[in-house]
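Single-structure report; data block below.
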Amino acid sequence: MVKSFLRQSPLAHLHLEARPLMAEALPAAGISISECAHTTQIAVRGQSSDPAFAQAVTTALGIALPTDACTASGAPERVHMLWMGPDEWLVVGPAKTDDRIGDKLEQALNKLHCAVVDVSESRTVVQICGANARSVLDKGCSIDLHPTVFSPGRVVNTVLARSHITLHQTAIDAKSGFPSYDIYVHRSFAEYLWSWLEDASREYGLQMNP
């Protein structure tokens, strides 16, 4: 992994942490966006049909291996696992947990035919939530995001505004009923996608969180 003192978010030069201080209060903002910088991301490849593989993952992470297409398991605030393909998953955790999560997986899976690779630096995560979050995503994504087919725990690899992304609906706020999504975007497209989200959100009232 990259040395901690060398790590820099692909959006660092936008100084997003200062923008909430300069922006006007928007109590009725329909959109809230923020960057979840340096999120731990570990790619795992293996055979879901192998009971030993599934059990080893559960032992290492304390969560079940998602085997249904386009689903996730775990708790978004802690460690969770995204289905990326029939034999591929993305383990996601808080920042600065790369070594701990990676070591646990490698120790649990070291005798099995599989692969564990730290890909934390390849993408950043943009979180979008609010009353109009789904409407913003609908502007640039062809996937049907209606709650009857795309709900919390659903994951899809798709295109948003011509950028390849992984989209994960993490939750629906219990009080407001508003959805929340994590958008995984490659570093080279991060600034472009952030700018597109800002522009697409303005008509609803935009609030940026550090």
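Of all residues in segment 94-122, count the ones that are under 13 Å from the mean Cα position of the chain (by Cα) and crowded, with 22+ Cβ neighbours inside 10 Å.
Residues in segment 94-122 being under 13 Å from the mean Cα position of the chain (by Cα) and crowded, with 22+ Cβ neighbours inside 10 Å: 1 in total.
Among the residues of segment 45-83 satisfying the criterion of being of a type in the set (A, V, I, L, M, F, W, C), in contact (Cβ under 8 Å) with a residue 40 or more places away in the chain and more than 21 Å from residue 172 (Cα to Cα), which is surrounded by the fewest Cβ atoms within 10 Å (Cβ to Cβ)?
52
Which one of 116, 126 is closer than 16 Å to residue 50 by Cβ, β-branched (Val, Ile, Thr) and part of a strand (DSSP E or B)?
Of 116, 126, the one residue that is closer than 16 Å to residue 50 by Cβ, β-branched (Val, Ile, Thr) and part of a strand (DSSP E or B) is 116.
Would it be correct to say that residue 148 is in contact with a strand residue (DSSP E or B) (Cβ under 7 Å, 6 or more places away or on another chain) and free of Cβ contacts under 8 Å to residues at least 24 places away in the same chain?
no
Which of the residues belonging to segment 148-192 are among the hydrophobic types (A, V, I, L, M, F, W, C) and either over 17 Å from residue 130 (Cβ atoms) or in contact with a Gly (Cβ under 7 Å, 6 or more places away or on another chain) (or both)?
149, 155, 156, 159, 160, 161, 165, 178, 185, 189, 190
The numbers here are math on the coordinates, done by the rules we state, and not lab data. Since we're looking at a predicted model, the values are computed, not measured. Positions of Cβ are backbone-derived with ideal geometry, glycine not excepted, and every protein chain shown enters the neighbour counts.
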